1. Restricting region A:251-291 to residues that are farther than 16 Å from A:A201 by Cα, in contact (Cβ under 8 Å) with a residue 24 or more places away in the chain and polar (S, T, N, Q), which is surrounded by the fewest Cβ atoms within 10 Å (Cβ to Cβ)?
2. Filter region A:175-204 for residues that are hydrophobic (A, V, I, L, M, F, W, C) and without any contact (Cβ under 8 Å) to a residue 24 or more places away in the chain; which is surrounded by the fewest Cβ atoms within 10 Å (Cβ to Cβ)?
3. Mind listing whichever residues of region B:136-153 are surrounded by fewer than 14 Cβ atoms within 10 Å (Cβ to Cβ), touching a residue at least 40 places away in the same chain (Cβ under 8 Å) and either more than 9 Å from every other protein chain (Cβ to nearest Cβ) or more than 20 Å from B:R117 (Cβ to Cβ) (or both)?
4. Restricting the search to region A:275-332, which residues are under 21 Å from the mean Cα position of the chain (by Cα) and of a type in the set (V, I, T)?
5. Specify the residue that is surrounded by the fewest Cβ atoms within 10 Å (Cβ to Cβ); the eligible residues are those in region B:63-92 that are within 14 Å of chain A (Cβ to nearest Cβ) and part of a loop (DSSP other than H, G, I, E, B).
6. Please state which of the following conditions B:K230 fails to meet, knowing it meets all the rest: (1) under 21 Å from the mean Cα position of the chain (by Cα); (2) among the basic types (K, R); (3) at pLDDT below 90.
7. Just for region A:205-230: of the residues that are surrounded by fewer than 24 Cβ atoms within 10 Å (Cβ to Cβ) and not in a helix (DSSP H, G or I), which one is nearest to the other protein chains (Cβ to nearest Cβ)?
8. Confirm whether A:R260 is away from every other protein chain (no Cβ under 14 Å) and out of contact with any Phe, Trp or Tyr (no Cβ under 6 Å at 6 or more places or on another chain).
Amino acid sequence: MGNYALGAPRLPGPQPVDKSKVTDISRAQTGPLIQSGSSRLADRAFYFAILACGLCVLALVGLIIFELVTKSSLSWHAFGWKFFFQSDWDPVNDQYGALPFVYGTIVSSILALVLAVPLAVGVAVFITEMSPRWLRVPLAFTTELLAAIPSVIYGLWAIFVLVPLLREYVEPWLARYFGWSGLFEGAPYGIGMLAAGIILAIMVVPIISSITREVMTAVPQQQREAVLALGATRWEMIRTGVLRNARAGIMGGVILGLGRALGETMAVTMVIGNRPEIARSLFAPGYTMASVIANEFSEATGDLYLSALVEVGLALFIVTILVNMAAQLLVWTVTRGTPARANG
Amino acid sequence: MGVSIQVDKLNAWFGKTQALYDIDMKVEANHATAVIGPSGCGKSTFVRCLNRMHETIPEARATGRVRIGELDVYNGTSATQIRRRIGMVFQKPNPFPTMSIYDNVAAGLKLNGFRDRHRLDEIVERSLQLSALWDEVKDFLKKKSGASLSGGQQQRLCIARALAVQPQVLLMDEPCSALDPISTGKIEELIFQLKESFTIVIVTHNMQQASRVAEFTGFFLLGKLIEFDKTEKIFTNPSDKRTEDYITGRFG
C-alpha cells in the first residue's frame, strides 16, 4: 500500500483552468463558409429520386396483388370458398380443389418446426451462453451459411443422401416402433412428407437460431446477474434469466421460420412426391401449394386451370405475408428493449 | 442473523489487468459497512468477489481467502451455494420483467426447489414487509409484473427478492445511484432496519450516504484498500492523506 505518489494529474477532478489554453468561442468564425445556390435544387432532386425508390416498392407489391386477384377471379367465381375445402384436383375434367396442397403445406411446415425449433434454440443457447469465445464466431457464421445455400442444392442433397437414408434405415425403424401411431405406416419410399419436413427443418434452423441469438443477446446482462446472484446454476440462469425474457422474440423467430417453410418450393418439390392426396402417414407422398404452382404452371393450358393455380398462389401469398408480419412484430417488441409484459 | 466476513489477501484480475491488490478487511456481523472510492477504484469488484459474481465475467479471476461466517468462499464451496447464502442488490433495479411481483420475490426459493405453497406465501409477504414494499403492492401481487413498478419500488422489490432466500449477508452495489432522493431515503431507512438481522456491505458513490447508514467505512483507491475504520473516524479524522483528500472533495 502507498508505494505510488499522489500525483494530482493522475486523478480526475476539478483543477485550476489555464486561461491561455482555452479557445474563446465568441471570436470564432460564425459566418457560413460555403455559400451555394444550387444546393437547394440538388436537395430537392435527391428527395424526389429517393421518394421514387420508396414508391417503387409499394407499386410492385400492389401490382403483384392486383395481378393475382384479377388472374384468379375466374377460378374464384367457379368454385368460391369450396376451392379450399375440396380435394379433387382434376385438370382433365376441370375440377379444382386445393385442399391437398393446403394440407401438404401445413403438415410439412409444422413437421419442419417441430424438428427445427429445439435444434435451433439449442444452437443459439450454445453460441451465446456456453461456447468458448474462439468457437463463437465460426459457429455463428456456419449456421448463417446454411441459409445461403440455394434450395435446389438442398433438394439434390436430399434426393441423393437424405431419401436413401430414410428409405433404408429411418423409415423402417419408425414403422417398427411407432407404426401404431398411424403416422408411420405404408411402404417406406423415402420420398414423401417426412423427407420434405426434414429438409425444410434444416433450411429453417439458421433463421430461427440467428433470431434467437439476436434476442438472447438483447437480454440485459443485469438479468443474468440477478438470477446468478440468487444461487442459480448455469442452466437455471439460461432458463429463467435469458430464455424466459427472450421468449416473445424466439416466438417471432419461429414464426419467421414458418413463413420460410410455407413458401419454400424447390427443395420440397424435389422430395415430397407431388401427389395431390391427403394421407395420414408421413411416409406417403404429398403436395404443397408452392410445389403445385412450380410443377404445373407450364402445363396449365386451360383458362380455369391457370386461374386455379393463381388462386393457390394468392392464398399462399396472403398467408405468408400475415405470418411474416406477426413475426416481425414479435421480434420488434423484444429487440426494441420493451419486453412483452406479463400480466398474469 | 448476520455473520462476519473475513477477507485476507484478496487479489482480483480482469484478464491481465489487476483490479484489486491484497485486500484485507474484517466486516462485522450485523453492521453496515460502506465501501467508498472514486470510479474504477475496484469497490464494485471487491463486493462482487465476496459472492463470486466476479468470476462470471469472462476471463475475470480472483485469489485470496474470504470467509463468510463458517463458509470458505474460495475453497471447498460451490459458487451457487455461496450465492444462496449471500443476497445481492445491483446498481440498476433488475426485477424479472416477465414475472409477477409475487414470482419475482419467490424466484430464488423456487430455483432452490422450494415447493411448499403455504410457506412460500408467508416468506413472500415477510420479505416484502422487510423491504417496506408490502403495503404498496399487496393488492396486485400476482397481477402486475415486476417491471410495472416505479424505479424505487423495483429496487425494493429486488431487495425483497434477495432477502427471500434468507441470506446471512446482503451486498448492495450502489443500490441508490439510479434512484430519486425520496426513494433513496426509503432505501437508507431500510438499510437501518435490515442490519439488525443481516450483515450489510454497501458500495456507494455518495459519501453522505456512507456516513448516514454505515458504522464502518473502507476507502478504496486504484485497487487498494487505503483505509478501513469506523465511519466516524474516516470522515472526521482519517489517518491517510489520500482519504482526507477524497472526502474533502479534492479529487474524485
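1. This residue is A:S281.
2. Among them, the one singled out is A:W180.
3. B:G151
4. A:T288, A:I318, A:V319, A:T320, A:I321, A:V323, A:V331
5. B:S78
6. Condition (3) is where B:K230 drops out.
7. The selected residue is A:P220.
8. When the stated conditions are applied, A:R260 passes them.
The values are calculated or read from the model by the stated rules, or taken from the named source; none is laboratory data. Fair warning: this is a prediction, and the values are worked out from it, not measured in the lab. We place every Cβ from the backbone using ideal geometry, glycine too, and count neighbours over all the protein chains shown.
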